[in-house]
Amino acid sequence: MSLLSVENLNIYYGNIHAVKGVTLTVNEGEVVCLIGANGAGKTTTLQAISGLLPIKNGMVNFEGKDITKIKSHEITNMGIAQVPEGRRIFSNLSVEDNLEMGAYKVDGTKEEEEAHMERIYGLFPVLRERKKQKAGTLSGGEQQMLSMGRALMTRPKLLLLDEPSMGLSPLFVDKIFETIEILKAEGRTILLVEQNANLALKVSDRGYVLETGKVVKEGLSADLRDDPSVKSAYLGA
């Protein structure tokens, strides 16, 4: 059984039909990517899964449970964490406080929380160096690391990553995708939205191609990388 299954998802912004019958699955331990041009419906799909947007019709199932009508904070408590496009860290709080906010609703001892924070600092050593610094003073790449670290502090069963490379220098893009590779090797389950289709297909197991709100192709990431139409439209070939 899939960890996440989305069936015939339809999302509207007023009269605009933004997502049109999207169906996808994410199995436990997989990295699955959604690729497509700006406005294809990728971010909208993630926001619907995490309860941030109302679903006109269709169904979202997580661990065999229908979560279509469940509120976003309840979905987070169930084990879905989203790293939003644009980071959205708490700028006036310290790096350490931002990470602690991620663990706010997690059951466990103080020692377990500290051990998990050490794990985040191991993934992103620069955050340890900056832990007392206000998050708003970090560079864009450091803020992206903090946003990912905060989401990981919730100990999610499913991590939703929305455009993690957006606006970052090549050095930070490499670091972010190296971290995704580490999480993948650990068996984490990730649904990745990424406009850099080449990077997304390299790091993922399977992928879906969205165009104007519809899934037009799906398959193993290696097969999509070799698909002439995907190469022409998204890989610069």
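The values are calculated or read from the model by the stated rules, or taken from the named source; none is laboratory data. Small disclaimer: the values here were computed from a predicted structure and weren't measured. Using ideal geometry, Cβ is built from the backbone for each residue, glycine included, and neighbour counts are taken over all protein chains shown. Calculation scope for accessible area: heavy atoms of the full protein, side chains included, ligands and nucleic acids excluded. Shrake-Rupley method; radii C 1.70, N 1.55, O 1.52, S 1.80 Å.
Points to keep in mind about this one:
- Highest GNM mean-square fluctuation among 147, 91, 165, for the chain modelled with Cα contacts below 10 Å: 91.
- Taking N as its residue count, the alpha carbon Rg of region 185-237 over 2.2 N^0.38 Å: 1.11
- Value of Rg/Rh across region 32-89 [Cα atoms, Kirkwood radius]: 0.96
- Helix 110-123 axis versus longest C-alpha principal axis of the chain: approximately 60°, rounded to the nearest ten.
- For region 148-228: rounded, prolate or oblate by the Cα gyration tensor [a/c cutoff 1.5]: prolate
- The value of relative contact order for the chain, using C-alpha pairs under 8 Å at least six residues apart, is 28 percent.
- Exposure rule at most 16 other beta-carbon atoms within 10 Å, DSSP loop GluC sites (Glu not before Pro): the chain longest free segment: 64-185
- Taking the centroid of alpha carbons for each part, region 150-189 and region 1-75 are 19 Å apart.
- Violating pairs (Cα-Cα greater than 31 angstrom) within the set 69/217; 69/110; 69/132; 157/214: 69/110; 69/132
- Surface/4 estimate of mean projected area, convex hull on alpha-carbon atoms of region 59-125, nm²: 6.1 nm²
- Three-way shape call for region 26-172 based on the alpha-carbon gyration tensor, with the a/c threshold at 1.5: oblate
- Per-residue [θ]222 nm for the chain (sum of -39500 (n - 2.57) over DSSP H runs n ≥ 4, rounded to 500): -11000 deg cm²/dmol
- Average Cα contact separation per residue, region 90-227, under 8 Å, 6 or more apart, as relative contact order %: 20 percent
- Put a dot 7 Å past the Cα of residue 71, heading toward its Cβ, do the same for residue 112, and the two dots end up 2.5 nm apart.
- Whole-number D in µm² s⁻¹ for region 104-212, Kirkwood Cα-pair radius fed into Stokes-Einstein, 4 °C, 1.567 mPa s: 87 µm²/s
- Cα gyration tensor shape for region 1-41, rounded if a/c is under 1.5, else prolate or oblate: oblate
- Residue-level accessible surface for residue 223, protein heavy atoms, 1.4 Å, Å²: 90 Å²
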